[in-house]
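First the structure, in the form of structure tokens, and then the observations on it.
The values are calculated or read from the model by the stated rules, or taken from the named source; none is laboratory data. All values reported here derive from a predicted model rather than from experimental measurement. Note that each Cβ is placed from the backbone with ideal geometry, even for glycine, and that neighbours are counted across all protein chains shown. Note: areas computed on protein heavy atoms with side chains; ligands, DNA, RNA excluded. Shrake-Rupley method; radii C 1.70, N 1.55, O 1.52, S 1.80 Å.
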Amino acid sequence: MDIFLQQLINGLTIGSLYALVALGYTMVYGVMKLINFAHGDLVAFSAYVGLTIFSQFFGASANSLFNVIIIFLLTALVVAFVGVLLERLAYRPLRTAPRLSAVVSALGASLVIQNAIMLIWGPNMKIFPSDLLPNTTWQLGGVVLTFTQILILILSAILMAALYVFINKTKIGTAIRATAIDQDAAKLMGINVNRIIMIIFIVGSSLGAIGGLFIGIYYRGLTFDMGWLYGLNAFIAAIIGGIGNIPGAMLGGLLLGLFNAMISGYISTEWAETFTFILLIIILILRPTGILGEKTAEKV
Amino acid sequence: MRKITKFASSVALGAIIASSSILADTVKVGVQAPITGKYANEGQSIDNFVRLLVDEKNAQGGLLGKKIEVVTCDDEAKAQKAAVCAKKLVNEGVFAVIGSYTSGATEAAQTTYYRSKVLQTSDGTSDSLIEKKYWTFFRNSFPNSAQSDFTAEYFVNVKKYQRIVVLSDYSSYSEGLGDATEASVKKLGGNVIFRGKIKSGTQNFTATLTKIKAMNPDVIYYSGYYTDGGLLRAQQLQLGINADFVGGDSNDNPDFYKLAGDSAKGTILINFPTPEILPYKEAKKYLKAYKDTFKIDPPSIWPVTNADGLRAIMHAVEQTKSFDTKKIADYVRTLKDFPGITGPFTIREDGERIGAEFVVYEMNNDGTKKVVSTK
């Protein structure tokens, strides 16, 4: 039982990280019908930015909670800016072009970001200090919980709840949903679509940045090509939950994390990835729009 | 008739190409190593060391009067890239290639070098590298089987571990070393309670470790690379698994400490004597030169064994007074106690380096370590 609970915690932690990253995919897709393949690399980028901010401005000084919050905020700010820039340069010029062009542009942007990381920070592995957050652990029965794990679980739950409220209860949220349904009609209703898309990129990139920073803090080793690993998993999570659907991305992320932990724990790590894709295929056969995706008539 | 002229002209062309590369006043040596990617600091150091030795040789007038030119190809420690590198280096006309760092990348390139009669020497420790019996290949480090025998001896007879877990990743080196260690432990009557594999680079090993926790092991032995080993160690202690952690040779890298953080303390490593404690005259000379030139020590022993590989080749060229790779290879295979930086360098007929020496280290968390056993 202890082992099962521990695997549950392991799965939920990584699942929360997938969910944070998956939100970026799903929001951009929801509004623009575009798979932003550069999102995973933006996540990797944010881990590097966070590390740089830490080592440049805080060094070995006391890692108070206040400092950590500043690092998170600054990183989210920088990455949100890069996300907006990405949209301006790589996606806006192609908004009326065939969808394939935008996808190719996204793949290109992914390579550009990845190589930029390599040129800026070098090809060697960069390593997060192990003392950024307290190394406290709690033992509950046979289950071990670390401070970082609890922070990841709580903070990502808060962020997801906030995002849900933002999308469903605020005026901007309503405008985002309207844009997602029909861009042209939204324009006629006086919604500034460009601004909405900018907000989407700011929110998605910031969430990705927080996910990326947590990945850095939790796993420590950063490689310039790590975005691919998390990007792919988050993308699968978004599809499982129903791409374009925000609660779906959260659910998909958590499910994928749990599923992965259980397969690796009880069957074999060798098969974890294979089973992930089998799960994806089964879900797509049973519910082509994902678990929470709505059935909409395809207009194309 | 046309066929014959075509044949003759191609022979003539071949002869011209062959002779031009010999008559030219430079010879080319290839470096195939991971210059970027996870193992970049190892690959860059191999490249640095080769350039250091080549600069020294060129300053002394070159090899048989020819200047040596180094051509580097980045294989990113990936098999596909390694195969491309092999083709590229062969096309560049190198007569010998140093590298690569990983067994997988070395193996993927082996056949191309063999077909093109280009010498290759690597620190790859996978036993399978020698099994193809290519005369072009010789190893500059010691094989997995030598290390696994040493490890098993330490586990069973020195530490008397009762419950041993063996973990590896899926690379040919790591899997080979893990399998060999499991076999050696069993041969000595030891008890391997779990033989598992993790996927390198996935960073999250908690699932496997949680499974291991339930088995209550005395020791977790990891035969993969430092990039995963450091994280494994950190996550092991985080999960409250109080078993000893023993890493195979490729965990011996400064990045291991950084990844493991405070958890590095008490980790045990089994490896060659590390560069800084090598007692040999050549070691003192070349490691000082390396530090003076690059302002940093090599990250591990592997760039140094590769340097020995190059020194053996250069020595063989000078002794045979020839760039004929067959002659060089034959000569290298007769080397006995050639004074290497990493100790006496003896190559067996099948290209295997023999006379392995291993050391057991215990790590402190500040990156220093102490020798705890040599047997």
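Of note:
- Among A:206-212, B:154-160, the peptide with the highest mean count of other Cβ atoms within 10 Å heads the list, and the full ranking is A:206-212, B:154-160.
- With 10 Å bins from 0: P(r) over the stretch A:199-300, alpha-carbon pairs, percent: 14, 40, 35, 10, 1
- Percentage, to the nearest whole number, of Cα pairs in the stretch A:49-156 over 16 Å apart: 72
- B:GLU362 accessible area, assembled protein chains, probe 1.4 Å, Å²: 60
- With the simple spin-label model, which puts each label point 7 Å out from Cα in the Cβ direction, the B:ASP324 to B:ARG115 separation comes to 2.5 nm.
- Placing +1 on the Cβ of every Lys and Arg and -1 on the Cβ of every Asp and Glu, with nothing else charged, gives the protein assembly as shown a dipole about its Cα centre of roughly 1280 debye.
- For chain B, the longest principal axis of the alpha carbon atoms and the long axis of helix B:302-320 meet at an angle near 30°.
- Shielding of B:228-241 by partner chains, average beta-carbon count, 10 Å: 3
- The stretch B:165-204 and the stretch B:47-121 have Cα centres separated by 31 Å.
- Across B:ASP25, A:ASP225, the residue with the most accessible area heads the list, and the full order at a 1.4 Å probe is B:ASP25, A:ASP225.
- Applying a threshold of 22 Å to the alpha-carbon distances of B:LYS28/B:LYS327; B:LYS199/B:LYS265; B:LYS284/B:LYS327; B:LYS258/B:LYS369; B:LYS38/B:LYS78; B:LYS66/B:LYS327 flags B:LYS199/B:LYS265; B:LYS284/B:LYS327 as lying beyond it.
- Under DSSP loop assignment and at most 12 Cβ neighbours within 10 Å, longest GluC sites (Glu not before Pro)-free interval of chain A: A:1-293
- log₁₀ of I(q)/I(0) at q = 0.14, 0.22 Å⁻¹ - the stretch B:144-271, Debye sum with one point per alpha carbon: -0.51, -1.37
- Taking every full run of DSSP H in chain A, the ones that stretch at least 24 Å from end to end by Cα along their long axis and average -1.0 or higher on the Kyte-Doolittle scale are A:2-32, A:65-86, A:99-121, A:147-169, A:193-219, A:246-266, A:269-286.
- Of the beta bridges in the protein assembly as shown, as assigned by DSSP with both residues counted there, near 40 percent are antiparallel.
- Mean partner shielding of peptide A:262-269, defined as the number of other chain Cβ atoms within 10 Å of each residue Cβ, is 5.
- Of A:ASN10, A:THR274, A:VAL78, farthest towards positive along the dipole that unit charges on Lys, Arg, Asp, Glu beta carbons give chain A: A:VAL78
- GNM on chain B, alpha-carbon springs under 10 angstrom: the most fluctuating residue among B:LEU287, B:LEU239, B:LEU177 is B:LEU239.
- When the surface is traced with a 1.4 Å probe over the full set of protein chains, B:LYS211 keeps roughly 50 Å² accessible.
- With a Förster radius of 30 Å applied to the C-beta separation of B:GLN60 and B:TYR280, the computed FRET efficiency comes to 0.90.
- MRE, 222 nm, helices only [DSSP H, n ≥ 4, -39500 (n - 2.57), over the protein assembly as shown, to nearest 500]: -18500 deg cm²/dmol
- Relative to the longest principal axis of the Cα atoms of chain B, helix B:103-115 runs at roughly 20 degrees.
- Check: the stretch B:144-271 dipole with +1 on Lys, Arg Cβ and -1 on Asp, Glu Cβ, in debye: 440
- Once the Cβ-Cβ distance of A:SER64 and A:LYS33 is raised to the sixth power relative to R0 = 45 Å, the FRET efficiency obtained is 0.55.
- Rounded Å value of the spacing that divides the Cα centres of the stretch A:167-200 and the stretch A:64-141: 25
- 16 Å reach of a label modelled at A:LEU111, 7 Å along Cα-to-Cβ, counting backbone N of the stretch A:20-58: A:37-39, A:41
- Descending Cα extents along the principal axes, chain B, whole Å: 76, 48, 34
- For chain B, a crude dipole built from +1 on the beta carbon of Lys and Arg and -1 on the beta carbon of Asp and Glu, taken about the Cα centre, is about 800 debye to the nearest 20.
- Note on the protein assembly as shown: percent of Cα-Cα distances in each 20 Å bin, starting at 0 and stopping at the bin with the largest distance, equals 17, 45, 30, 8, 0.
- Against chain B, whose longest principal axis is taken from its Cα atoms, helix B:2-23 shows a tilt of about 70°.
- Solvent-accessible area of A:LEU151 with every protein chain in place, 1.4 Å probe, in Å² to the nearest 10: 50
- Legend: residues B:SER373, B:SER100, sorted from most to least accessible area (1.4 Å probe; ligands, DNA and RNA excluded), read B:SER373, B:SER100.
- Note on chain A: semi-axes of the ellipsoid equivalent to its C-alpha gyration tensor, largest first and rounded to whole Å, are 30, 24, 18.
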